[in-house]
1. Picking from Val637, Asn252, Pro318, whose Cα lies most toward the positive end of the charge dipole for the chain (charges on Cβ: Lys, Arg +1; Asp, Glu -1)?
2. Say the dipole of the chain comes from +1 at the beta carbon of Lys and Arg and -1 at that of Asp and Glu; which of Trp648, Val101, Ala134 then lies farthest toward its positive end?
3. Name the residue farthest towards the positive end of the dipole of the chain from the options Phe531, Trp440, Leu390, assuming +1 on Cβ of Lys and Arg, -1 on Cβ of Asp and Glu, about the Cα centre.
4. Quote the FRET efficiency, to the nearest 0.05, computed for Lys401 versus Ser427 with a Förster distance R0 of 22 Å and r equal to the Cβ-Cβ distance.
5. With a 10 Å Cβ neighbour count serving as the proxy for reagent exposure, in which order, fewest first, do Asp163, Asp40 appear?
6. Taking the Cα centre of the chain as origin, sum charge times position over the Cβ atoms of Lys and Arg (+1) and Asp and Glu (-1), and report the length of that vector in debye to the nearest 20.
7. Around Asp163, which amide H atoms from residues at least 5 apart in sequence, or from another chain, sit under 5 Å from its own amide H, with H modelled in the peptide plane?
8. For a Förster distance of 45 Å, can you work out the FRET efficiency between the beta-carbons of Asn643 and Phe144, rounded to the nearest 0.05?
Amino acid sequence: MKKLILLLPLVVLLSVTNGQWFHQNVFQTDNHFRDLYFTDDLANGPNGWIVGDDNEIYRTTSFYPGNWHRLYTGESNDINSIWFVNTFRGFAAGDNGSLSVTQDGGYTWNSVSTGTAHNLQSIYFSSFDHGWIAGDDGLLLHSFDEGSTWAQVSTGTYYDLRDVFFLNNQTGWIAGGNESIYKTTNGGLSWNQQHTSTSTAALTSIHFTGENHGWASGENGVFYTTDGGTNWETNTYNSGMYYPSVYFKDQNEGWYIADPGSVGIIKHTLDGGATWDDQLSIDFMLESIFFTDVGWGFAVGYPDRIFMQAPSQTEWNPIELGFTESGLQSVCFVDSLLGWICGADGIILKTMDGGNQWYAVHGHTGHAFTDIFFINETEGWVTDYYGEILHTDDGGFHWEKLLAAPVFNYYGIHFADSETGWAVSWSGNVVKTTDGGSNWSEYSYPGSFNSVFFIDNHSGWIATGYDSPVLFTGDGGENWEEQFQFPYSLQDVYFIDEETGWCAGQDGYIIKTTDGGTNWQVINAGEDHDFTAIKFANLNEGWVTGQEGEILHTEDGGITWTEQQSNTTKWLHSLELTDQENLWVVGSDGLILHSENGGIVGANEIPANPAATLQVYPNPVHNKATVSFTTDVKSTVKVEVLNAAGKWIATLTNREYTPGNHVFEWNSEQAAPGIYFIRVTMDQQYYIRKTVKQ
């Protein structure tokens, strides 16, 4: 064991600067939510999904704020309808014939061919095997093999079909344009027109409580039948009023949504529609209402509005969108745009735009992930507290188990290349692979291990627990030697080259070496908080994180440290940087922090939802797009166009604007087909809207 030759406890906390750290786990969206679905197994916790514009899907397993996960289908179309046959298998239908299926509750999606480019408006499964999709221009699709294949069914109409409902595999209804309703009693082999009018208005919702009693609603009115649809009567009619959704629990109790114009109203009846009372009236549009069989009610609309009603209650309570409340343990980026986060409850989040949007690609599996490492944009590994190591080769959308050793609590993992990697456990176990994780060699040493770092295939270090030495290997982990005995637990280790490295530990201690670990210098950063993670951009500039929201910054190689204002008191567990400016920190209760300037310039409060709202239309765009935004205060606003990789393409405006709505154009005629981002920056806050150039 090498002995300590220099002990330098310095109290060097010079000042507190208001660093520029922003929360990224606050949803920034003003999209139009169009449909939702909740399972009935609410005794074991809810499972719900919401869909809308710009391919947005959100999932929750809790009604409390901060438990919504943004999901990713890989499509670029608006999603109009969603249906789950159970907690795991579901379908999302949208514009341009797009249909996606999931087998794991929405964390991964695969595209399903529909054979059409028409917009799909409504999806319904009458059983696990039989599914139906209604769409524009009279389109009706039927599947009898669990949604694997779809075939068109003749309906006899060319009006847009907006909703489909089935009582069983034989009896169902479709509703659409010209206030028309069609019924089948033979599983869709033939359809009989039941209701029409001279109006060009469309019906957008249809629901039956049994073979006889049903309701339909849409533009101008709400209608009902008591004989299976042979005759339809008008219950409520107001020309120019929109009634987008109707639902009845039984013959007597029901609800509908009314929209007289940018106002959302929920009406309720207990006497079969003879009288109606207002249960909710808000200054936002509502689009869809849904009730589970056990009586939980939900309504969604624009912009990003969700309301919930508990069984046997009359109040509708707003549900706030937020991110996961799971503890986040580790963050890894391969460039300034592409990154991943792992944490409790098996959660893995992915971003493809530097954290402006985070997607849940894995979750709710019982895992307690502790560390995540990606070597490139596709190849990654994650460790589990319960002794598992998982691997992905498609950027995190699918994961396979490589190693299961329940007696080991894996805390750290590091790969030198796509083949050679190491993982360490709290039990003093080191495992190594030279084939990407297919096979592992195991080594055991006294002590407990928290973190591992390799500078190449040969030289590596392990940060150890209480009263255990720093370990070093020069032969790729075949043999390990003790370098320095430290009385405090060391939580993280990082080396900038073969000579210079640091470990962060308890009670505000950091140790540093400039000779590969032969000698270590002890630095007291002036705090008694435990440090959890340490990273350096070069030999001089680095950051360390710890408990109670502590972030410290150094510009002299770690000799002196300055505190940065993180605007949080949560525990910070992991730190990542791609350069001297782009840094990410994750921590307890789903905390994600990001800085674009190293956290050292300016003073910022944690931003709430941006004051500027950004709209891009039409979307997809062909040759010219209209861009609009609204600002509540006098502000300097910059709007830029970025490509899918985040590279700057054009600046559309960069000047001061007065309060109000502002509209201008983006001439996209010369832009290549693909995905683009419109980014607005206002008062050091930013908001991004995705658009597709066709």
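Since every read-out is calculated from the coordinates, none of them should be taken as a lab result. What you are looking at is a predicted structure, and each value in this text was computed from that prediction instead of being measured. Note that we place each Cβ from the backbone using ideal geometry, even for glycine, and neighbour counts take in every protein chain shown.
1. Farthest towards the positive pole: Asn252.
2. About the Cα centre, the residue reaching furthest to the positive side is Ala134.
3. The Cα lying farthest towards the positive end belongs to Leu390.
4. After rounding, the FRET efficiency stands at 0.70.
5. If I rank by nearby Cβ atoms, fewest first, I get Asp40, Asp163.
6. Approximately 1040 debye in magnitude.
7. Amide H neighbours of Asp163: Ala175.
8. The calculated FRET efficiency here is 0.60.
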